[in-house]
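J.: Questions regarding the structure given below will be posed in turn.
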Amino acid sequence: MLIYCSYDIAYTLNAPTVLVLALRLRPELDGRVRSAEKFTVTPHAPYETFLDAFGNRCVRLTAPAGLLELHGEVVVEDCGWPAPVLAHAWENGAAQLPTDVLPYLLPSRYCEVDLLGPMAWSLFGGIAPGWGRVQAISDWVFARLRFYYGFANATRTAAQACEQRVGVCRDFTHLAITLCRCLNIPARYVSGYLGDIGRPARSCGDGFQRLPGGLSQ
């Protein structure tokens, strides 16, 4: 299955501004690219690409004052299979975890593990470790928060989302991550594209036609 990914983002800047953008395809997906990734900046501004500490391909540029438009697109191949459900997956205790995942147990700006720990253990500590406990956390977050784009707030933390019981996708994710970390389950935030698979077909350029379930030439 071929998947077409694209974005168009516009900013109005009051002064020349240095931007660090995490919009590019991650390097491990390069072998699955079927139509070369495009990244354009209007008006043109030189930029450099680098990998951050988490392996994200990032861009740094100095944008002029005024309207800045960013466009990106790429076609990648995917097997199309849904993520597996591993109902019998187990948890490793903190003492057995690989050291490279230990940072994903710690509090962060948006994930206040230290604040939500008592609640997390009260709600989920009695559930057998493994897939079922993580699923219970996900179900609880989904039931507790009400989604609406108008609730977007760039500074809302996991604890605030839990208290306010509203949020957008990032708030659901931050709360689930925090509750997992409280229980010594490493968890991190991963962002992606909103898919159009299963939606009506329309042209997307480069000789591809977007179809339900993917793309064809």
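J.: Consider ASN153 carefully, then state whether it is part of a loop (DSSP other than H, G, I, E, B), among the polar types (S, T, N, Q), at pLDDT below 95 and over 18 Å from the mean Cα position of the chain (by Cα).
T.: no
J.: Answer with yes or no whether VAL101 is among the β-branched types (Val, Ile, Thr) and within 19 Å of the chain's Cα centre (by Cα).
T.: Against the criterion (among the β-branched types (Val, Ile, Thr) and within 19 Å of the chain's Cα centre (by Cα)), VAL101 qualifies.
J.: Please pick out the residue among ALA120, ALA89, ALA143, ALA95 that is among the small types (Gly, Ala, Ser) and part of a loop (DSSP other than H, G, I, E, B).
T.: Being among the small types (Gly, Ala, Ser) and part of a loop (DSSP other than H, G, I, E, B) holds for just one of ALA120, ALA89, ALA143, ALA95, which is ALA89.
J.: Here's something else I'd like to know. Give the residue that is surrounded by the fewest Cβ atoms within 10 Å (Cβ to Cβ), with candidates limited to residues of region 140-166 that are closer than 17 Å to LEU116 by Cα and among the small types (Gly, Ala, Ser).
T.: ALA159
J.: Would you point out which residue out of SER122, SER108 is surrounded by 15 or more Cβ atoms within 10 Å (Cβ to Cβ) and either in contact with a helix residue (DSSP H, G or I) (Cβ under 6 Å, 6 or more places away or on another chain) or without any contact (Cβ under 8 Å) to a residue 12 or more places away in the chain (or both)?
T.: SER108
J.: Still on this structure, please answer the following. Out of all the residues in region 14-29, is one or more surrounded by 16 or more Cβ atoms within 10 Å (Cβ to Cβ), within 23 Å of GLY192 (Cβ to Cβ), modelled with pLDDT of 95 or more and under 17 Å from the mean Cα position of the chain (by Cα)?
T.: yes
J.: Condition check: touching a Lys or Arg at 6+ places or on another chain (Cβ under 7 Å) and under 29 Å from ILE3 (Cα atoms). Does GLY167 satisfy that?
T.: When the stated conditions are applied, GLY167 passes them.
The values are calculated or read from the model by the stated rules, or taken from the named source; none is laboratory data. Note that the structure is predicted; figures quoted are calculated from it, not measured. Quick reminder, even Gly has a Cβ in these numbers, built from the backbone with ideal geometry, and neighbours come from all protein chains shown.
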